[in-house]
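The values are calculated or read from the model by the stated rules, or taken from the named source; none is laboratory data. Note that the structure is a prediction, hence the values are computed from the model and not measured. All Cβ positions, even for glycine, are placed from backbone atoms using ideal geometry, and neighbour counts span all protein chains on display.
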Amino acid sequence: MRPLNGVRVLDLTRVVSGPFCTMLLGDLGADIIKIEEPVNGDDSRAFGPPFSGGESAYFLSVNRNKRSCAINLKTEEGAGLVRQLAQHADVIIDNFRPGTVDRLGLGYDSLRSENKKLISCSITGFGRTGVDAQRPGYDLIIQGESGIMDITGDPAGLPTKIGTSIADLITGQYASQAIMAALLERAGTGLGHHVDISMLDCMASLLTFNAGIYFTTGESPKRRGNAHPTIAPYETFQAADGWLNIGVANDKFWQLFCGVIERPDLADDRRYAKAIDRVSLRAELVPIVAREIAAQPRSYWISRLRAAGVPYGDIRSIEEVCRAEQLVTRGMVAEMPHPTAGQVKNIISPFRFEDQATMHHVAPPLLGQHTSEILGQLLGMAQEQLAGLQEKGVLMFSSELTTGG
């Protein structure tokens, strides 16, 4: 049993933010019914190369533990089917632009008039209200608009995006958390709730101490590369054969670190004894540390830092992370059989309940793989009805792939 067993989610999202949200809910046991456009499906199915068995690696990374139901929402009959499915759902979620669900006849107020327990969630780029409400929101755009790019990268270089779709992913995370809170509230009230999630809001919330610095000083923080604005030395250093991160986060670690680099003179120097002083004297202190680190290879420093208990970290490639013993032994890499892509591997969600890491996961679905199964089970539709709607372009399903899920 998983925490969300018995919760049914009607997923009208595509690309990353919404699918990541519903994947998290699916990992927790919810039944995710992914509504897709019949011809091409979720846009991210075409995001490639690379592809595996006709499926993009992009799509395969954020759509496990779901069932695909291919319905054309632009047809009156298709929208009507989704409206009926909503009567059997606990949650409905979309990431259309504001107003789209109303034009499709799937407005939240209307749906909840037929299912008072229904929780609705909308994910948008800039929110459902405000001067930018109708602007399209993509990860790169939101990273820039939220201030994250302005504080990321080399101080002398370009503003830099984070190397993953952080705006999409953090939005999906916030949305899943809000949906679970709404489910908890519903347990007491018996009534659904609407959740409004903006990508810009989510990313701006990550500014935390950077916004705090501005609110306190009136000055906007600037790019510092890998250096920390209020801790030093806390950044990336070049060893004789590569790079590593060192985080001297407090005065205790400073004393230990001075032992690691065998510089008792630094440990005894009152100018560097306190964290606030090390930050103030960063310009003179960091080059001293950098020269020491550059004199020995990474393995030398890693062994000494580990023995001393000073926070450190290697700079790993994606390959190294995906093969890392720490993650593999904790069950963070799941392997799932897929109808066309063979064995699909995902780094899974970090949820742990009673330290039980081994959960059964289902590979991302083929387009329309479960259309017949879902409409038959929930709406009682016969195969003849389904076939007729498929001929009209309302549905897409494959009879040989309607089992499982």
Close pairs from the range 236-255: first in the same structural domain as Asp277 (by TED's automatic domain parsing), partner assigned to a strand (DSSP E or B) and of a type in the set (D, E, K, R), Cβ under 6 Å, at least 6 apart: Leu244/Asp314
Evaluation of Thr230 against (1) modelled with pLDDT under 95; (2) buried (at least 16 other Cβ atoms within 10 Å of the Cβ); (3) closer than 30 Å to Gly313 by Cα (one fails), failing number: (2)
Residue identified as of a type in the set (A, V, I, L, M), in contact with a Gly (Cβ under 9 Å, 6 or more places away or on another chain), at pLDDT 95 or above and not in a helix (DSSP H, G or I) among Ile162, Ile123, Ile142: Ile123
Number of the exception - Asp168 against (1) under 20 Å from Thr13 (Cα atoms); (2) among the charged types (D, E, K, R); (3) not in a helix (DSSP H, G or I): (3)
Per-region count, the range 237-250, residues surrounded by 15 or more Cβ atoms within 10 Å (Cβ to Cβ) and not in a loop (DSSP other than H, G, I, E, B): 5
Options Glu335, Glu292, Glu319, Glu284; residue that is among the acidic types (Asp, Glu) and either within 25 Å of Ser176 (Cβ to Cβ) or assigned to a strand (DSSP E or B) (or both): Glu335
Residues of the range 256-266 satisfying the condition of being without any contact (Cβ under 8 Å) to a residue 24 or more places away in the chain and within 18 Å of Pro287 (Cβ to Cβ): Cys258, Glu262, Asp265, Leu266
Answer from Asn210, Asn226 - the residue that is among the polar types (S, T, N, Q), part of a helix (DSSP H, G or I) and either out of contact with any His (no Cβ under 8 Å at 6 or more places or on another chain) or farther than 19 Å from Ile162 by Cα (or both): Asn210
Sole exception among (1) in a helix (DSSP H, G or I); (2) under 27 Å from Arg135 (Cα atoms) for Val195, by number: (1)
Matching helices (runs of 4 or more DSSP H) fully within the range 1-106 where at least 3 residues are within 20 Å of the chain's Cα centre (by Cα) and under 22 Å from Ala175 (Cα atoms): 17-27, 57-61
Residue in the range 365-372 that is under 21 Å from Leu73 (Cα atoms), small (Gly, Ala, Ser) and in contact (Cβ under 8 Å) with a residue 24 or more places away in the chain present: yes
Search result, residues across the range 67-84 that are crowded, with 16+ Cβ neighbours inside 10 Å and small (Gly, Ala, Ser): Ser68, Ala70, Gly78, Ala79
Of the criteria (1) touching a strand residue (DSSP E or B) at 6+ places or on another chain (Cβ under 9 Å); (2) within 30 Å of Gln173 (Cα to Cα), which one Val286 fails: (2)
Selected residue [touching an Asp or Glu at 6+ places or on another chain (Cβ under 9 Å) and either at pLDDT below 95 or under 18 Å from His193 (Cβ atoms) (or both)] from Val39, Val101, Val15: Val101
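Residue-wise test of (1) in the same structural domain as Met332 (by TED's automatic domain parsing); (2) free of Cβ contacts under 8 Å to residues at least 60 places away in the same chain; (3) buried (at least 17 other Cβ atoms within 10 Å of the Cβ); (4) closer than 23 Å to Thr124 by Cβ.
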{"residue": "Arg14", "(1), (2), (3), (4)": "yes, no, yes, yes"}
{"residue": "Leu28", "(1), (2), (3), (4)": "yes, no, yes, no"}
{"residue": "Glu37", "(1), (2), (3), (4)": "yes, yes, yes, yes"}
{"residue": "Leu60", "(1), (2), (3), (4)": "yes, no, yes, no"}
{"residue": "Asn63", "(1), (2), (3), (4)": "yes, no, yes, yes"}
{"residue": "Arg97", "(1), (2), (3), (4)": "yes, yes, yes, yes"}
Asp196 in contact (Cβ under 8 Å) with a residue 24 or more places away in the chain and in the same structural domain as Met23 (by TED's automatic domain parsing): yes
